[in-house]
Structures are given as C-alpha cells and as structure tokens.
Amino acid sequence: MNRKQIGQIGMIVSALILSLEIFSLKILQSLDKITGEWETSAWSYLTYPTSLLALLLVLIVFVVSLVLYLNGKENL
C-alpha cells in the first residue's frame with residue numbers, strides 16, 4: 001500500500017467520522033432537551049471541549065491524509 005492509497009483511505013474515513021459527528025449532534029441536542037437546556041446552533045456545541053477536540057482531530061487527520069494523497073506517488 002503506497003502513500004497515495006493511505007491518504008485516500010484517511011480522507012474517506014475522516015469524512016465518514018465527520019458526518020457521524022454531525023448526525024450525533026441531533027442526538028446530543030435531544031438528550032439536552034430532556035434537561036431543559038439545549039443549544040440552538042450546532043456551532044454552539046464547539047464551546048464544549050470534547051466537541052472541539054473531536055472536530056480538530058478529524059480536521060488534522062483529513063489535512064494529513066490530503067497531504068499524503070497529493071504528495072504520494074502511484075506505483076505503475
């Protein structure tokens with residue numbers, strides 16, 4: 001497996017995890033509604049350290065994978 005393939009797999013996985021995080025915001029918001037206090041905007045959840053850390057990690061993995069993909073050489 002060369003760097004280009006690893007970069008491509010990393011971009012796909014990080015995009016899937018990012019979409020999972022976006023969909024899980026609705027679940028988090030539903031759980032917050034039970035207590036009576038919830039955020040109205042998805043961007044408001046970035047004030048929570050765990051949400052911010054998860055987003056930053058996914059973005060870092062995506063950028064590193066993109067660099068691997070763009071700088072990788074295909075085996076011909």
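Which residues, counting only those in the range 1-60, are closer than 21 Å to ASN71 by Cβ, free of Cβ contacts under 8 Å to residues at least 24 places away in the same chain and not in a helix (DSSP H, G or I)?
MET1
Does the range 58-76 hold any residues that are loosely packed, with under 10 Cβ neighbours inside 10 Å and either among the hydroxyl-bearing types (Ser, Thr, Tyr) or in contact with a helix residue (DSSP H, G or I) (Cβ under 8 Å, 6 or more places away or on another chain) (or both), and which are they? Steps first, answer last, please.
First pass over the range 58-76, keeping only residues loosely packed, with under 10 Cβ neighbours inside 10 Å: 73-76.
LYS73, GLU74 - these are the residues of the range 58-76 that are loosely packed, with under 10 Cβ neighbours inside 10 Å and either among the hydroxyl-bearing types (Ser, Thr, Tyr) or in contact with a helix residue (DSSP H, G or I) (Cβ under 8 Å, 6 or more places away or on another chain) (or both).
Can you name the residue in the range 32-64 that is under 15 Å from the mean Cα position of the chain (by Cα) and among the hydroxyl-bearing types (Ser, Thr, Tyr) and is also farthest from GLN8 (Cα to Cα) among such residues?
Here is the first cut: in the range 32-64, the ones under 15 Å from the mean Cα position of the chain (by Cα) are 42-43, 45-46, 49-64.
Adding the requirement that they be among the hydroxyl-bearing types (Ser, Thr, Tyr) leaves 45, 50-51.
Working: TYR45: 29, THR50: 26, SER51: 25 Å.
Looking at residues that are under 15 Å from the mean Cα position of the chain (by Cα) and among the hydroxyl-bearing types (Ser, Thr, Tyr), I get TYR45.
Among the residues of the range 10-21, which ones are surrounded by 14 or more Cβ atoms within 10 Å (Cβ to Cβ) and of a type outside the set (Gly, Ala, Ser)?
Residues satisfying the conditions are MET11, VAL13, ILE17, LEU18, GLU21.
Any residue that is surrounded by 12 or more Cβ atoms within 10 Å (Cβ to Cβ) and β-branched (Val, Ile, Thr) - is there at least one of those in the range 22-34?
Restricting attention to the range 22-34, the residues satisfying the condition of being surrounded by 12 or more Cβ atoms within 10 Å (Cβ to Cβ) are 24-25, 28-29, 32.
Filter once more, so that each one left must be β-branched (Val, Ile, Thr): none.
No, that holds for no residue.
When you look at SER44, is it of a type in the set (Gly, Ala, Ser) and touching a Leu at 6+ places or on another chain (Cβ under 9 Å), yes or no?
For SER44, the condition - of a type in the set (Gly, Ala, Ser) and touching a Leu at 6+ places or on another chain (Cβ under 9 Å) - is not met.
Mind listing whichever residues of the range 35-57 are exposed (fewer than 12 other Cβ atoms within 10 Å of the Cβ) and of a type in the set (A, V, I, L, M)? Spell out how you get there, then give the answer.
In the first step, residues of the range 35-57 are kept if they are exposed (fewer than 12 other Cβ atoms within 10 Å of the Cβ); the result is 35-37, 40-41, 43, 47, 49-50, 53, 56.
Hits for the range 35-57 are LEU53, LEU56.
When you check LEU68 against the structure, is it part of a helix (DSSP H, G or I), at negative phi, touching a Leu at 6+ places or on another chain (Cβ under 9 Å) and aliphatic (A, V, I, L, M), yes or no? Write out each step before concluding.
Working: part of a helix (DSSP H, G or I): yes; at negative phi: yes; touching a Leu at 6+ places or on another chain (Cβ under 9 Å): no; aliphatic (A, V, I, L, M): yes.
No: the conditions fail for LEU68.
No value in this document is a laboratory result; all are computed from the given coordinates. Since this is a predicted model, take the numbers as computed values, not measurements. Cβ sites come from the backbone with ideal geometry, for glycine too, and all protein chains shown count toward neighbours.
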